[in-house]
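Please treat every number below as a calculation from the coordinates, not as lab data. From a predicted model like this one, the values you see are computed outputs, not experimental measurements. Positions of Cβ are generated from backbone atoms using ideal geometry, with glycine treated the same way; all protein chains shown enter the neighbour counts.
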Amino acid sequence: MTLSVDIRHSLGDFALEARFESAGRLTALFGPSGSGKSTLINLIAGLLRPNKGRIAVDGRVLVDTEARIFVPMHKRRIGMVFQDARLFPHMSVAGNLRYGRWFTPASERYAKMDAVVDLLGIGHLLDRRPAKLSGGERQRVAIGRALLASPKLLLMDEPLASLDEARKAEILPYIERLRDETKIPIVYVSHSVAEVARLASDVVVLSQGKVAASGPTEAIMQRLDLLPAEERGEGGAVLDTKVLRHDQAFGMTVLGSQAGEIRVPRLARPVGATVRLRIRARDVMIATEQPTGLSALNILAGTITAVRPGIGPTVEIAIDCNGAIVLARITEQSKHTLRLALGRQVFAVIKTVSFDSATTGAGLPVEADG
Amino acid sequence: MNWLLDLTPDEWNAVRLSIKVATVAMIASLPPGILLALLLARGRFWGKTLLNGLVHLPLILPPVVTGYLLLLTFGRRGPAGAFLAEHFGIVFSFRWTGAALACGVMGFPLMVRAIRLSIEAVDRRIEAAAGTLGANPLWVFATITLPLILPGLIAGAILSFAKAMGEFGATITFVSNIPNETQTLPSAIYTFTQVPGGDAGALRLTLISIIISMVALIASEVLARRVGRRMDIE
């Protein structure tokens, strides 16, 4: 799938001018509130008509103001999951799920009711009314409803933003399964580094109505300067890891990555499962010699490949650990004292307890299980 | 109870006619009522205020004036009346159909108002969600909007029915007071009060009129509650 967008749109004082292409499995539109990401997704869905520009999915032109093309939303075959689930209150959950099938030509129906119900774990809810569901259940039903219309592209507009942390943790694994087990490409709007780092294959960063950057998630997440101020502390390296073994005695899980073994609090995932691990730059210390007598369990050897000024009295240091980049945010003073510079051999030090469910993305750590 | 049900054939006819006239007025008003309510709730066009005023006119004009205007337009020599009689064979003047027209027109503002309010209360974002699922605007209206405004629709229909049951001024001006043809309950009661010894008949019809209105009101309450319970808003 390739999504190509080149549009200009103004709403009152706000002007959106976006141009990008993405071919990712899950493309995140990322930016602070007011950056224009929701406007952009509404333009793709056809809920808004751009003043000017062109939007195409896989070569199929949805909007082209110059050629006077505007495909109405009900003909786009683009699924949408809204922040507020927007279920139909006068229908049961099953009625909501079946709604889109009516309007899908039989030859293009690829989504199967049983498979979607299984995927989202909503089998026990089918007879209920939307008013009787919890926020998390509603959102899962809304995802199922969009999927069962067999869309060519699925848009998700901050689907977790109105949920509390526990509900988010409940839904995230389902979105991961959706990404990994179905073939449908997803565009996901979010302002949360945790969600984007965990879910996205590609990121388009929006800032004040303009595309600030776009590229693979690993690269974008290291550009702390691109992150909104209140989310900057969440930025850092994103590593794809595998569960090597669980350490029953100490309640830990050992993850294997390109950078080396990383110990995190016990995860409820089987051995061999892949875990996308985010290492916050602010959680990484730098040592110039192999540290001893230190409580931190994760010590990764590497070479400094970049030194960038950070916000305030900080610098951001990229360390190449066997091909994987780990990012550290330290003070200007430490850099000066340790004489850190490009090419220097150093050790990145990360406390095991600095990992939590938001960064290991494998559900809540299982606590005190024996 | 016996004296209550001991109606003369003319009185029974008035009761039957009234129910027929009110039912036809209500049902015939529904489609244009929904259309106008939609237009007023959602439309953005020049002259909307004027249209709104026109719809409400029967509410503020003296009923006799409305009746006379109907006579001028839908009477045998009126432009609309002559056209309809010639091309469709529909005659209003001095027929029960004319009574239904008068009652429908008088109840129209109440019906449009109730439906309009319920349309304005519909969350348009839910309709947009249906659109993204592939439903074209007509399907969205039929499967989402219409079921969601059902309580308002019922309320509007009952208001129109109740207004038709009680309508007097416009009806008697437009189609007069002909037993078995245009003499509805209020006209019949009025006739009784104009003749000596008509008190008993007037009282009987008054009680029947109260019973019909109460039954209609209770039925609408029950119906609206059942619909409302079916779809507690999130």
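Worth pointing out:
- Direction-averaged projected area, Cα convex hull, region B:81-138: 6.5 nm², rounded to one decimal.
- Out-of-range pairs (alpha-carbon distance over 32 Å; input A:Lys112/A:Lys210; A:Lys52/A:Lys152; A:Lys75/A:Lys183): A:Lys112/A:Lys210
- Over chain B, DSSP H runs of length four or greater, each weighted -39,500 (n - 2.57), average out per residue to a 222 nm ellipticity of -24500 deg cm²/dmol.
- Annotation for A:Lys75 and B:Arg125: the two label points, set 7 Å from Cα along the Cα-Cβ direction, are 2.8 nm apart.
- Between 0 and 90°, nearest 10: helix A:135-147 axis offset from chain A longest Cα axis: 60
- Globularity index of region A:110-262, i.e. its alpha-carbon radius of gyration over 2.2 N^0.38 Å: 1.19
- Nearby lysines by direct alpha-carbon distance to B:Lys20 (threshold 25 angstrom, same-chain neighbours under 8 apart not counted): B:Lys163
- Taking the empirical scaling 2.2 N^0.38 Å for compact globular proteins as reference, region B:33-108 has a Cα radius of gyration ratio of 1.24.
- Other protein chain C-beta atoms within 10 Å of residue C-beta, averaged over A:125-138: 1.
- Once the Cβ-Cβ distance of A:Glu261 and A:Ser134 is raised to the sixth power relative to R0 = 51 Å, the FRET efficiency obtained is 0.85.
- When each of the peptides A:268-274, A:236-242, A:211-217 is scored by the mean number of other C-beta atoms lying within 10 Å of its residues, the order from highest to lowest reads A:236-242, A:211-217, A:268-274.
- Taking chain B and dividing mean pair separation by its residue count, relative contact order in percent (alpha carbons under 8 Å, at least six apart): 29
- Order by protection proxy (mean Cβ within 10 Å, highest first), peptides B:103-110, A:113-120: B:103-110, A:113-120
- Remark: mean inter-chain Cβ contacts per residue of B:121-130 equal 5, using a 10 Å Cβ-Cβ cutoff to other protein chain atoms.
- Virtual spin-label span in nm between A:Glu332 and B:Val222, 7 Å along Cα→Cβ: 8.1
- Scoring B:27-36, A:258-267, A:83-92, A:287-296 by mean Cβ neighbours within 10 Å over their residues and listing the highest first yields A:83-92, A:258-267, B:27-36, A:287-296.
- Restriction of the GluC sites (Glu not before Pro) in region A:44-150 to DSSP coil positions whose beta-carbon has at most 15 other beta-carbons within 10 angstrom yields A:Glu66.
- Cα gyration tensor shape for region A:237-360, rounded if a/c is under 1.5, else prolate or oblate: prolate
- Partner shielding of A:68-74 amounts to 3, given as the average count of beta-carbon atoms from other chains within 10 Å of each residue beta-carbon.
- Relative to the longest principal axis of the Cα atoms of chain B, helix B:150-166 runs at roughly 20 degrees.
- Within region A:3-234, antiparallel bridges make up roughly 60 percent of the DSSP beta bridges whose residues both belong there.
- Per residue, the average separation of C-alpha pairs within less than 8 Å and at least 6 apart gives region A:195-299 a relative contact order of 21 percent.
- Zone residues, region B:156-199, relative to B:Arg16, backbone N less than 15 Å from point 7 Å out along Cα-to-Cβ: B:179-185
- Translational diffusion of region A:46-133, µm² s⁻¹ [Kirkwood Rh, Cα pairs; Stokes-Einstein; 4 °C; 1.567 mPa s]: 84
- Distance distribution P(r), region B:1-154, all Cα-Cα pairs, bin width 5 angstrom from 0: 2, 8, 13, 15, 16, 14, 12, 9, 6, 4, 1, 1, 0 percent.
- Relative contact order (%) - criterion: Cα under 8 Å, at least six apart; region: chain A: 15
- Against chain A, whose longest principal axis is taken from its Cα atoms, helix A:165-181 shows a tilt of about 80°.
- When shorter helices are ignored and each DSSP H run of at least 4 residues is given -39500 (n - 2.57), the per-residue value for chain A at 222 nm works out to -5500 deg cm²/dmol.
- Taking the alpha carbon gyration tensor of the protein assembly as shown, multiplying each eigenvalue by 5 and rooting it gives semi-axes of 71, 26, 19 Å, largest first.
- Where only alpha carbons of region A:3-234 are counted, the Rg and the Dmax (Å): 17.3, 49
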